[in-house]
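**Student:** Got a structure for you, written out below as structure tokens; questions coming shortly.
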Amino acid sequence: MKKVKLKIPATVANLVCGFDILGMAVYEPYDEMEIRLLETHEIIIRHTDPFGLPEEPFKNVAGIVLLKIQEHFNLKNGFEVIIHKHIKPGSGLGSSAASAAGAALGANIVLGNIMSKDEMIHFAMFGEELASGVRHADNIAPCIYGGITLVKSTNPIDIIPLNAPDLFVAAVHPQVEVKTSDSRQILKKTITLKSAVEQWGNIAGLVAGIQKNDFSLIGRSLNDVIVEPVRSILIPRFDEIKSKSLQIGALGGGISGSGPSIFMLTEEKETAEKIAGMMKAIYDEIQVDNLVYVSKINPVGIEIVEEPN
């Protein structure tokens, strides 16, 4: 039966001011997934990574996506999925989205490309719902489309692929736990009109800057007056890292997804590497285990490593 091997990238959601609507794919880290179409109706999930994620299909992010696809298309076939995660769960770098998007895209390939990108996103969002309690697409969309995406709507699904500027990303994942579900609970339920207007201006400016390759405008727009002030208290030394990153030469940045990872955008690789070194030094100093990454924006998204045979 048909099988496909995939390389699924990490993603940075929100891009500071675009809560739940903006997302960006990067090259590092990434997950590896193999999906095989079965003649039987069963769904088999196997993890070869050390994270202890559940392998029962209805409890697994990839498994629930495949169950929904199987049900919707009334399939007689099942799937065998082998997952090796390098994107650590709870990192804020789209670990659950990688599993969900990889399952949807991989299933589509072995089934003969029966779904559009937006249909794949529809099914992948069931995985995000299992992981966080919310059917959001800001990580899934850049996984499947590549580059930077704007989620105009999830009901109906309306994804707008944006330009992918030639920028570098420095990111650090401090090994502290911040659950997406918990980080949503602490958000304010109401905001002032003044804050809303300021946030709308930043989002519009960021999208315009991305589309125009206007790096100065991108930098001026990477400001969040609603979510970051609340969530940043969960991340050790966040303010110091952001301040020093800007001093080194970052255009701007902030919390990746719900955290605890922090990302910064730069024009030069050397600047990104200096920022990554600074991030690591700060967490090493306070004895917090950490992983740092330097990557370009990934315009492709999920890559097919081995075509169906």
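The values are calculated or read from the model by the stated rules, or taken from the named source; none is laboratory data. Note that this is a predicted model, so its numbers are computed, not measured. Neighbour counts run over all protein chains shown; Cβ positions are idealised from the backbone, glycine included. Note: accessible area is taken over every heavy atom of the protein model, side chains too, but ligands, DNA and RNA are not part of it. Shrake-Rupley method; radii C 1.70, N 1.55, O 1.52, S 1.80 Å.
**Student:** Cβ-Cβ below 7 Å, separation at least six or inter-chain, first residue in the range 61-86 and on the phi < 0 side of the Ramachandran plot and aromatic (Phe, Trp, Tyr), second modelled with pLDDT under 95 and outside any loop (DSSP other than H, G, I, E, B): which pairs?
**Tutor:** Listed by first residue and then by second, the contacts come to nothing, as the list is empty.
**Student:** Another question, then. Take the residues of the range 100-118 that are buried (at least 21 other Cβ atoms within 10 Å of the Cβ) and of a type outside the set (A, V, I, L, M, F, W, C): which is farthest from Asn77 (Cα to Cα)?
**Tutor:** Checking each candidate, the answer is Gly102.
**Student:** Can you confirm whether the range 25-43 contains a residue that is of a type in the set (D, E, K, R), open to solvent by 50 Å² or more (accessible area, probe 1.4 Å) and without any contact (Cβ under 8 Å) to a residue 60 or more places away in the chain?
**Tutor:** Yes, the conditions are met somewhere in the range 25-43.
**Student:** So for the range 220-232 (the condition being open to solvent by 10 Å² or more (accessible area, probe 1.4 Å), modelled with pLDDT under 95 and hydroxyl-bearing (Ser, Thr, Tyr)), does at least one residue qualify?
**Tutor:** So far as the range 220-232 goes, yes, one or more of its residues are open to solvent by 10 Å² or more (accessible area, probe 1.4 Å), modelled with pLDDT under 95 and hydroxyl-bearing (Ser, Thr, Tyr).
**Student:** Give the residues of the range 229-240 that are closer than 17 Å to Lys189 by Cβ and either touching a Cys at 6+ places or on another chain (Cβ under 6 Å) or touching a residue at least 40 places away in the same chain (Cβ under 8 Å) (or both), sorted by residue number.
**Tutor:** Residues satisfying the conditions are Val230, Arg231.
**Student:** Output yes when any residue across the range 45-55 is in a strand (DSSP E or B) and buried (at least 18 other Cβ atoms within 10 Å of the Cβ), and no when none is.
**Tutor:** yes
**Student:** Which members of the range 259-269 meet the condition of being farther than 15 Å from Val26 by Cβ and surrounded by 24 or more Cβ atoms within 10 Å (Cβ to Cβ)?
**Tutor:** Gly259, Pro260
**Student:** Examine the range 105-120 for a residue that is outside any loop (DSSP other than H, G, I, E, B), under 21 Å from Ile297 (Cβ atoms), charged (D, E, K, R) and out of contact with any helix residue (DSSP H, G or I) (no Cβ under 8 Å at 6 or more places or on another chain), and state whether such a residue exists.
**Tutor:** no
**Student:** Kindly provide the set of residues from the range 124-137 that are open to solvent by 10 Å² or more (accessible area, probe 1.4 Å) and either among the small types (Gly, Ala, Ser) or in a helix (DSSP H, G or I) (or both), ordered by number.
**Tutor:** Within the range 124-137, Phe126, Glu129, Leu130, Ala131, Ser132, Gly133 qualify.
**Student:** Now for a separate question. How many residues does the range 1-40 contain that are within 13 Å of Ile203 (Cα to Cα) and in a loop (DSSP other than H, G, I, E, B)?
**Tutor:** The qualifying residues number 8.
**Student:** Consider the range 248-293. How many of its residues are assigned to a strand (DSSP E or B) and more than 22 Å from Ile210 (Cβ to Cβ)?
**Tutor:** Selection size over the range 248-293: 3.
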